[in-house]
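Engineer: I have a structure I would like to understand better, so I am pasting it below and will then ask my questions one at a time.
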Amino acid sequence: MVPLLTAVGHDVVGLVRPGGDARALMEAGAGVVTGDALDRESLHRAVREAAPDAVVNMLTAIPATIDPKRLSRDFALTNRLRTEGTGNLIDAASGARIISQGLAYGYQPGEGPADEDAPLWRTGTPKEFVPVLDALVELERLTTRAGGLVLRLGHLYGPDSIYAADGSFTRQVRAGKVPLVGGGNAVFSFTHADDVAAAVAAALDKQDVTGVLNLVDDEPAALHEWLPRLAEILGAPAPRKAPAALARLAVGGWGVAFMNWLRGADNARARLRLDWRPRYASVLQGFAAELGGELGGEMAASA
């Protein structure tokens, strides 16, 4: 995001926690201020120093590896950042344009891609996902109340993600450790990291765009479609099948729901309001282009 924003003329300042490593931000062309989003006074000092016209809120602390049986534990700090941290940030940056990162896979399961008016997952919600969704709802409330924009991201892929060549999910697929649980009927909408940067740049130029937007690719794909293709691209074993009842012992209710109940999202509103287009229409094209070498080129052409 930093190189793109600086290339189009923005002066970018990154927030780094005390004791954090600022090298990546500085090498990308950003200035740096130091502060902790969960320490109100520290954050206010940092924001006063930066004096931003706009704030891009991407606060998370998601672990590199997540235990689906303990999702609420693994997301506890991120949940605080999305609620308390977002509140502190908006308060500190009063009057600035606010753009926050949300999630596009919290919709109530149903047929077809969900648009932004579709209900969130409040019926039959796996208990491990409840605090995560509650935090996202609060983040959206705080951001929209401040006249800001929430970009509901899909499953993030690209460099340094879990789906990168050296990412944790990709390593598990190569090792044959990601089964198709209960049919793998969940529908995934993905978002490439480059598309997030492009959308933020577009949103900074469109001050009148507020509310929430699904920032996802054009073609949601069921897990039982994209996971075998990913394994093929990687030269990995085909995913084995696992009954949901048996898998529940290993991955819990959220793990089973994640592989079977997720609903894809519709990006029409973001395309229209931000004049934005995803880099790849589908994740199958994206995986093939970024992970597949010569095979990737053939698959991208036929996708």
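Engineer: Determine, for Val33, Val187, Val150, the number of other Cβ atoms within 10 Å of each Cβ, and report the residues in order from fewest to most.
Structural biologist: Fewest-to-most ranking of Val33, Val187, Val150: Val33, Val187, Val150.
Engineer: Calculate the spin-label point distance for Lys127 paired with Arg17, positioning each point 7 Å from the Cα along the beta-carbon direction, and give it in nanometres.
Structural biologist: Between Arg17 and Lys127, the label points sit 2.9 nm apart.
Engineer: Moving on to the next point. Output ³J(HN,Hα) for the stretch 273-282: one whole-Hz value per residue in order, computed from phi by the Karplus curve 6.51 cos²θ - 1.76 cosθ + 1.60 with θ = phi - 60°, and x for Gly and Pro.
Structural biologist: 3J(HN,Hα) across the stretch 273-282, in whole Hz: 7, 9, 6, 10, 9, x, 4, 10, 5, 9.
Engineer: If you don't mind, another one. Where in the stretch 65-138 are there GluC sites (Glu not before Pro) that are in a DSSP coil and have at most 15 other Cβ atoms within 10 angstrom of their Cβ?
Structural biologist: Passing sites in the stretch 65-138 are Glu111.
Engineer: Hey, another quick one. Once every DSSP H run of n ≥ 4 in the chain is given -39500 (n - 2.57) and the sum is divided by its residues, what mean residue ellipticity at 222 nm do you get, rounded to the nearest 500 deg cm²/dmol?
Structural biologist: So the calculated ellipticity at 222 nm is -12500 deg cm²/dmol.
Engineer: Could you tell me whether the stretch 105-149 comes out rounded, prolate or oblate from its Cα gyration tensor? Rule is a ≥ b ≥ c as square roots of the eigenvalues, rounded for a/c under 1.5, then prolate if a/b exceeds b/c, otherwise oblate.
Structural biologist: Oblate is the answer for the stretch 105-149, as a/c is 1.5 or above yet b/c matches or exceeds a/b.
Engineer: Normalised by the number of residues in the chain, what is the relative contact order in percent for Cα pairs under 8 Å and 6+ residues apart?
Structural biologist: It rounds to 19 percent for the chain.
Engineer: Still on this structure, I have one more. Place a label point 7 angstrom from the Cα of Val8 along the Cα-to-Cβ direction, then list the residues of the stretch 18-42 whose backbone nitrogen is under 19 Å away.
Structural biologist: 28-31
Engineer: Once amide H atoms are built 1.01 Å from N in the peptide plane, which residues 5 or more positions from Ala54, or in another chain, come under 5 Å H to H?
Structural biologist: HN-HN under 5 Å from Ala54: Arg97.
Engineer: Could I ask something else about it? Within the stretch 127-186, which trypsin sites (Lys or Arg not before Pro) sit in a loop by DSSP and count at most 16 neighbouring Cβ atoms inside 10 Å?
Structural biologist: Lys177
Engineer: Now for a different question. Where the centroid of each part is defined by its Cα atoms, how far is the stretch 160-178 from the stretch 65-141 in Å?
Structural biologist: 24
Engineer: With a ≥ b ≥ c the root eigenvalues of the C-alpha gyration tensor of the stretch 71-134, is it rounded (a/c under 1.5), prolate (a/b larger than b/c) or oblate?
Structural biologist: Note, shape of the stretch 71-134 comes out oblate.
Engineer: Moving to a separate point now. Please give the FRET efficiency for Asp166 paired with Ile62, using the beta carbon to beta carbon distance and R0 = 22 Å, rounded to the nearest 0.05.
Structural biologist: That gives a FRET efficiency of 0.80.
Engineer: For the residues Leu77, Leu71, Leu204, what sequence is obtained by ranking on other C-beta atoms within 10 Å, fewest first?
Structural biologist: Leu77, Leu204, Leu71
Engineer: Under the rule of at least 5 residues apart or a separate chain, name every residue whose amide H is placed under 5 Å from the amide H of Leu120.
Structural biologist: Residues meeting the criterion, in which the H sits 1.01 Å from N, are Gln108.
Engineer: Sorting Met259, Met1 on the 10 Å Cβ count, fewest up front, what's the list?
Structural biologist: Lowest count first: Met1, Met259.
Engineer: To continue, here is another question. From zero outward in steps of 10 Å, how is the percent of C-alpha pairs of the stretch 175-303 spread across the bins?
Structural biologist: Histogram of Cα-Cα distances, whole percents per bin: 13, 34, 31, 18, 4, 0.
Engineer: Okay, next question. Hydropathy at least 0.0 by Kyte-Doolittle, axial extent at least 18 angstrom from the Cα trace: which helices of the chain, defined as entire DSSP H runs, fit?
Structural biologist: Span-like helices, by this rule, are 130-145, 193-205.
Engineer: If you place +1 on the Cβ of every Lys and Arg, -1 on the Cβ of every Asp and Glu, and leave all else neutral, what size is the dipole of the chain about its Cα centre, to the nearest 20 Debye?
Structural biologist: For this selection, approximately 920 debye.
Engineer: Turning to a different aspect of this structure: Return the long-range amide H neighbours of Leu153 (sequence gap of 5 or more, or a different chain), with a cut-off of under 5 Å between placed amide H atoms.
Structural biologist: Gly102, Leu103, Ala104, Leu215
Engineer: Moving on to the next point. What does the chain give for Rg and for Dmax, in Å, if only its C-alpha atoms count?
Structural biologist: 19.3, 55
Engineer: Between His192, Pro237, Ala222, whose Cα lies farthest towards the positive end of the dipole of the stretch 191-252 when Lys and Arg beta carbons carry +1 and Asp and Glu beta carbons carry -1, centred on the Cα centre?
Structural biologist: Result: Pro237.
Engineer: Moving on. Please list, in order along the stretch 216-222, the HN-Hα scalar couplings obtained from phi with the Karplus expression 6.51 cos²θ - 1.76 cosθ + 1.60 (θ = phi - 60°), rounded to whole Hz, x for Gly and Pro.
Structural biologist: Values per residue, Gly and Pro as x: 9, 6, 7, 10, x, 9, 5 Hz.
Engineer: Still on this structure: Can you find, among Ile90, Ala250, Val150, the residue farthest towards the positive end of the dipole of the stretch 35-302? Put +1 on the C-beta of Lys and Arg, -1 on that of Asp and Glu.
Structural biologist: Among Ile90, Ala250, Val150, the one farthest towards the positive end of the dipole of the stretch 35-302 is Ala250.
Quick note: the coordinates plus some simple rules give every number you see, no bench work behind them. The structure presented is a predicted model; accordingly, all values stated were derived computationally and were not measured. Cβ sites come from the backbone with ideal geometry, for glycine too, and all protein chains shown count toward neighbours.
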